[in-house]
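The structure appears below as structure tokens.
The values are calculated or read from the model by the stated rules, or taken from the named source; none is laboratory data. Keep in mind it's a predicted model, so treat the numbers as computed, not measured. Here the Cβ positions follow ideal geometry from the backbone for every residue, glycine too, while neighbour counts run over all protein chains shown. Note: areas computed on protein heavy atoms with side chains; ligands, DNA, RNA excluded. Shrake-Rupley method; radii C 1.70, N 1.55, O 1.52, S 1.80 Å.
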Amino acid sequence: MKNVLNILDLSVEEIDQLIATAEDIIKDPIKYSEKCKNYQLATLFFEPSTRTRLSFESAMLALGGKVIGFSDPNSCSATKGESVADTISVVSGYVDIIAMRHPKEGAPLVASSRTLVPIINAGDGGHYHPTQTLADLLTIHKEKGRFENLTIGLCGDLKFGRTVHSLIEAMSRYTGVKFVLISPEELKLPTLIEKDIESKGISIERSNSLEESIGKLDILYMTRVQKERFESEEEYYRLKDLFILTEDKMKLAKPDMIVLHPLPRVNEISTAVDSDKRACYFKQAHYGRYMRMALIMKLLFENDGTREDRFDVKDKIALKYKCSNPHCITTTEPELQNLFVPTNEGDGEYKCIYCDTKILIK
């Protein structure tokens, strides 16, 4: 049984297959209208969502399936203290597949250890959001016709932006890709991810000016500065308006550059940009539905009934140290064992198996 917690759970070949299926659905949706007639999807959203949740539900309904679940964490037993593991142990006995969003990083990993059915990570804190990346990839494929030899600008919140982290991992597998990281120092890309990019020999350029960088980009990926990720409201208000895409800035861009955004938008893209033919973020949202349809079918029809054990990791060790990330699932579920694996850096450096946060042990 396959779960999709990270975009790297899907090979390049599998992504190509999903894109081909999604494009076929777009051409002939009727052909797929009863593919999942006897299946049920549970949408377990422990964090608010509009687009992602409705996209999953619309996808399953368009395949002829049924949907159960919740969109408000206050309406489930988590408010009574029920653990993620227990919730999944119960719900996975009711349905055929689960799409799950959770504010704590690593929650889908915990879920995958207890589920009886495939789990799709619909976003875990600032960690990963693989199905948004599938929407991004279909949009890039449709608009640019390739994944190779592209210069991608990532602008805004690169620290907490889970969509950015997943897109970087996906695009790092293609040749000739370059990244331009446009952010304030406080919201820069986590060091672990940046080092991973550099270790692959991929070009990185750092910038704090959208105006100076936009002219060299093939893709501009804008992100929202996420108020819910900040512990200090004052810090959020200080940073939220640093990068705003306007019509004037679009005049500095290539004629065929495309603008992507995972949505929701606050004010980081002027509404005046919406009429620009290079603005593809609403197309991107629509494409997400087709890629989720393709993924649901893949996971349902390729399910061999065996349980995946992601905790059986080579070199994994239990340490007395706790993860220092306040957004890690271990902070709210104390019964979880603190598990770490050594990083490529060595010298006593480890990372949390749930959220990838690094610790140094002298």
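Observations on the model:
- Single match in 59, 99, 85 (criterion: touching a strand residue (DSSP E or B) at 6+ places or on another chain (Cβ under 7 Å), of a type in the set (A, V, I, L, M) and open to solvent by less than 20 Å² (accessible area, probe 1.4 Å)): 99
- Lone qualifier among 82, 57, 34, 47 - being charged (D, E, K, R), more than 22 Å from residue 129 (Cα to Cα) and in contact (Cβ under 8 Å) with a residue 12 or more places away in the chain: 34
- Per the conditions (1) assigned to a helix (DSSP H, G or I); (2) more than 21 Å from the chain's Cα centre (by Cα), the sole criterion not satisfied by residue 294 is (2).
- Meets criteria (open to solvent by less than 50 Å² (accessible area, probe 1.4 Å) and within 19 Å of the chain's Cα centre (by Cα)) for residue 319: no
- When restricted to residues that are in contact (Cβ under 8 Å) with a residue 12 or more places away in the chain and over 22 Å from residue 26 (Cα atoms), segment 264-290 contains 10.
- Selection status of residue 82, in a loop (DSSP other than H, G, I, E, B), over 19 Å from the mean Cα position of the chain (by Cα), over 18 Å from residue 296 (Cα atoms) and modelled with pLDDT under 95: yes
- Considering segment 3-25, the residues that are open to solvent by 60 Å² or more (accessible area, probe 1.4 Å) and touching a residue at least 24 places away in the same chain (Cβ under 8 Å) include one that is farthest from residue 106 (Cα to Cα), namely 17.
- Every condition in (1) more than 27 Å from residue 12 (Cβ to Cβ); (2) open to solvent by 50 Å² or more (accessible area, probe 1.4 Å); (3) touching a residue at least 40 places away in the same chain (Cβ under 8 Å) is met by residue 307 except one, and the failing one is (1).
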